[in-house]
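Take a look at the structure set out below.
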Amino acid sequence: MTTFKQHSRKDIPLRIKWLNNKNANQYVGDNPNHQTNLEEQTRWFDAYENNPAKKFFTIFCDQTPVGFMGLSKIDSQKGTAELFIIIGEDGYRGKGVGKDSMKYLINYALTELNLQKILLAVDINNQPAIKLYKSLGFKETARISGDIEMELN
């Protein structure tokens with residue numbers, strides 16, 4: 001069973017582990033394969049705690065933490081946010097955990113935050129993620145610098 005909890009400072013070691021997992025981070029952000037550390041992730045978390053435009057969750061599968069996801073650039077005026085997910089544990093990709101997680105996060109964004117549009121960017125080579133996003137109703141809006149930009153509204 002897939003469950004979620006708000007991201008907390010206790011999750012920093014997990015963030016480091018997952019963001020340093022080459023199988024997980026190959027499509028993450030502008031700097032794939034970047035290796036992070038405690039100092040960098042502590043600074044990230046300090047900024048996160050003081051940023052109302054971000055909401056992150058840790059993903060659990062049968063009580064085992066397996067990844068994290070979140071919304072950033074939450075803009076209640078425009079009713080928009082950007083979505084992010086990483087399944088950091090190798091044995092949990094392709095098992096439906098990502099889909100369950102995305103459904104939870106989309107529902108949270110639309111019902112709890114009352115957003116109207118969710119945006120994301122995905123590496124054009126990350127075909128499993130693109131397939132997942134399309135199955136959840138995301139539509140391609142642009143292709144920029146090797147990324148596909150998608151939205152759900």
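Just a few scattered comments:
- Each of TYR133, TYR48, TYR92 was scored by other Cβ atoms within 10 Å of its Cβ. Listed from fewest to most, they are TYR48, TYR92, TYR133.
- Among the listed options (1) 19.6; (2) 15.8; (3) 18.3, the one matching Kirkwood radius over Cα pairs in Å as calculated from these coordinates is (2).
- Rounded to the nearest 20 debye, the dipole magnitude of the chain is 300 debye, with +1 charges on Lys and Arg beta carbons, -1 on Asp and Glu beta carbons, and the Cα centre as origin.
- The chain, relative contact order in percent, only Cα pairs under 8 angstrom and at least six apart counted: 20
- Note on region 10-150: dipole from Cβ charges, positive end direction compared against SER135, ILE12, THR58; the farthest Cα belongs to SER135.
- Estimated from helices alone, the mean residue ellipticity of the chain at 222 nm is -8000 deg cm²/dmol (sum of -39500 (n - 2.57) over DSSP H runs with n ≥ 4, per residue).
- Annotation for region 113-153 versus region 1-60: alpha-carbon center distance of 20 Å.
- Of GLN77, GLN35, GLN127, the one that fluctuates the most in a GNM where the chain has Cα springs shorter than 10 Å: GLN77
Any read-out appearing in this document is the output of simple, stated calculations on the displayed coordinates, not a laboratory observation. This is a predicted model, so every value here is computed, not measured. Glycine also receives a Cβ, built like all others from the backbone with ideal geometry; neighbour counts cover every protein chain displayed.
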